[in-house]
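Participant: Sending over a structure as structure tokens; questions will come in a sec.
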Amino acid sequence: MSAKSAPVLPAASGVAEAAAVLRSGGLVAFPTETVYGLGANALDARAAARIFKAKARPSFDPLITHLADVEDLATLVGALPATVAALAERFWPGPLTLIVDRPPAVPPIVTSGLETMAVRVPDHPVARELIRRAGLPVAAPSANRFGMLSPTRAEHVVAGLGDAVDLILDGGPTRCGIESTIVDARGDQPVVLRLGSLPVEALVEAVGPVSVRPGSSGQPVAPGTLAAHYAPRTPLRLVDAPAPTRPDDGTRGYLAFREAPERAYGAVEVLAPDGDLTGAAARLFDALHRLDATGVREIVAERVPDAGLGRAINDRLRRAAATWQTSG
Ligand code: TXA
Ligand code: MG
């Protein structure tokens, strides 16, 4: 934790001050239902530029614009393709990000020069109150340094980015724990660009077949879907449960889905003893942050069942592991 860390205010009492910071071009970390966001005025190119600098985020990786209410989308963007409008009506506020045409009011730096814009209405009272009071669309990536673990608690923001923001709103641990699902529904069949907290099954139920194309290789459509991302500082290896029986010397950490392994590890986190994937998703990044802090030399992580939210959890674990495969 840096001595220069930004003030951390309780969400309820700090929201008015945070809105003023946003209006004056500053950076505010705030809770959403998925992960903490690093917000700036989406209509102000200089404010948006500060996000890229604070995160050390490459300029080719576009930001998500956050709105307070579903109706604000038509006000900002104008007419919408039918399926985009239907998904917004059905799932907002909630952990779904939709791709729309970038309106002229939003400067190109926000979308990394793309003519499309990612947008969502978060399902969190503090986030919505903040955006409403600021009276602005708020550009906000996850409030972590580029490529690192996403923050699900204010403490994670303080540790990772505390000296690079103007104010942190503490709303406690986030409910979903994994980022929003990103969908491009402008064409004939919606395309999932990033698996996330809204399960694919829920999308299919609402609008019929979708294709899932997280850009894991080649040209990433959503650069947050780069193969290597969401990584702890500690090397991470992915295994199928149950854990392999090779003896451990106690210097590794273990991330279990339901049950702690029998042999000794230096540190163990269990995501969901009851097998509930919603709870597992909510705990995922927090558990990885904790294992990372123990100083173990490797984190061994179990794959979870690959359905519903399990797909998004496995996606994050795969990307965390990929970071370390490239560095040996
Ligand atoms: O749950 C979330 O979505 C969180 C909270 C704070 O809202 N935000 C978040 O932002 O995860 P970030 O910056 O970590 O991830 C945004 C993703 C990136 O993968 C980015 O490439 C993609 O959204 N994205 C943004 N604009 C896009 C666009 N026009 N087309 C395709 N992908 C886009
Ligand atoms: Mg992120």
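Participant: Quick check on the stretch 56-67. Is at least one of its residues within 16 Å of the chain's Cα centre (by Cα), at pLDDT 95 or above and polar (S, T, N, Q)?
Facilitator: yes
Participant: For the condition farther than 19 Å from THR323 by Cβ, assigned to a loop (DSSP other than H, G, I, E, B), of a type in the set (S, T, N, Q) and at pLDDT below 85, what is the one hit in GLN219, GLN189?
Facilitator: GLN219
Participant: Quick check: anything in the stretch 48-61 assigned to a loop (DSSP other than H, G, I, E, B), under 21 Å from ARG175 (Cβ atoms), near ligand 1 (Cβ under 9 Å from one of its atoms) and of a type outside the set (Gly, Ala, Ser)?
Facilitator: Looking through the stretch 48-61, none of the residues is assigned to a loop (DSSP other than H, G, I, E, B), under 21 Å from ARG175 (Cβ atoms), near ligand 1 (Cβ under 9 Å from one of its atoms) and of a type outside the set (Gly, Ala, Ser).
Participant: So, one more: Can you pull out every residue in the stretch 74-93 that is within 22 Å of ALA48 (Cβ to Cβ) and either in contact with a helix residue (DSSP H, G or I) (Cβ under 6 Å, 6 or more places away or on another chain) or part of a loop (DSSP other than H, G, I, E, B) (or both)?
Facilitator: Within the stretch 74-93, just GLY78 meets the criteria.
Participant: State all residues of the stretch 273-287 that are without any contact (Cβ under 8 Å) to a residue 60 or more places away in the chain and either surrounded by 20 or more Cβ atoms within 10 Å (Cβ to Cβ) or not assigned by the TED database to the domain that holds ARG319 (or both); if no residue qualifies, say none.
Facilitator: Once the filter is applied, which keeps residues that are without any contact (Cβ under 8 Å) to a residue 60 or more places away in the chain and either surrounded by 20 or more Cβ atoms within 10 Å (Cβ to Cβ) or not assigned by the TED database to the domain that holds ARG319 (or both), the stretch 273-287 yields LEU277, ALA280, ALA287.
Participant: Residue by residue through the stretch 117-129, note down the ones that are in a helix (DSSP H, G or I) and within 13 Å of ligand 1 (Cβ to nearest atom).
Facilitator: Once the filter is applied, which keeps residues that are in a helix (DSSP H, G or I) and within 13 Å of ligand 1 (Cβ to nearest atom), the stretch 117-129 yields VAL126, ALA127, ARG128.
Participant: Pick from ARG252, ARG233, ARG283: which is modelled with pLDDT of 95 or more and touching a strand residue (DSSP E or B) at 6+ places or on another chain (Cβ under 9 Å)?
Facilitator: Being modelled with pLDDT of 95 or more and touching a strand residue (DSSP E or B) at 6+ places or on another chain (Cβ under 9 Å) holds for just one of ARG252, ARG233, ARG283, which is ARG283.
Participant: Would you mind finding the one in LEU9, LEU38, LEU114 that is within 15 Å of ligand 1 (Cβ to nearest atom) and part of a strand (DSSP E or B)?
Facilitator: Among LEU9, LEU38, LEU114, only LEU38 is within 15 Å of ligand 1 (Cβ to nearest atom) and part of a strand (DSSP E or B).
Participant: Filter the stretch 130-153 for residues that are near ligand 1 (Cβ under 10 Å from one of its atoms) and under 14 Å from ALA40 (Cβ atoms) and give the result.
Facilitator: VAL138, ALA139, ALA140, PRO141, SER142, ALA143, listed by residue number.
Participant: Identify the residue in the stretch 94-111 that is in contact with a strand residue (DSSP E or B) (Cβ under 7 Å, 6 or more places away or on another chain) and either at positive phi or part of a helix (DSSP H, G or I) (or both) and, among all such residues, is farthest from ligand 1 (Cβ to nearest atom).
Facilitator: Ranking the candidates gives VAL110 first.
Participant: Between a residue in the stretch 156-167 that is free of Cβ contacts under 8 Å to residues at least 24 places away in the same chain and any residue that is charged (D, E, K, R), which pairs come within a Cβ distance under 6 Å, given they are 6 or more apart or on different chains?
Facilitator: GLY160/ARG145
Participant: Under 20 Å from the mean Cα position of the chain (by Cα) and surrounded by fewer than 22 Cβ atoms within 10 Å (Cβ to Cβ), is that true of ALA49?
Facilitator: yes
Participant: Please find, within the stretch 113-156, the residue that is surrounded by the fewest Cβ atoms within 10 Å (Cβ to Cβ) out of those that are of a type in the set (Gly, Ala, Ser) and under 25 Å from ARG90 (Cα atoms).
Facilitator: That would be GLY135.
Participant: Determine which member of the set GLY208, GLY177 is surrounded by fewer than 20 Cβ atoms within 10 Å (Cβ to Cβ), modelled with pLDDT of 95 or more and at positive phi.
Facilitator: None of the other options fit; the residue is GLY208.
The values are calculated or read from the model by the stated rules, or taken from the named source; none is laboratory data. These numbers come from a predicted model, not from an experiment. Cβ atoms come from the backbone with ideal geometry, glycine included; neighbour counts cover every protein chain shown.
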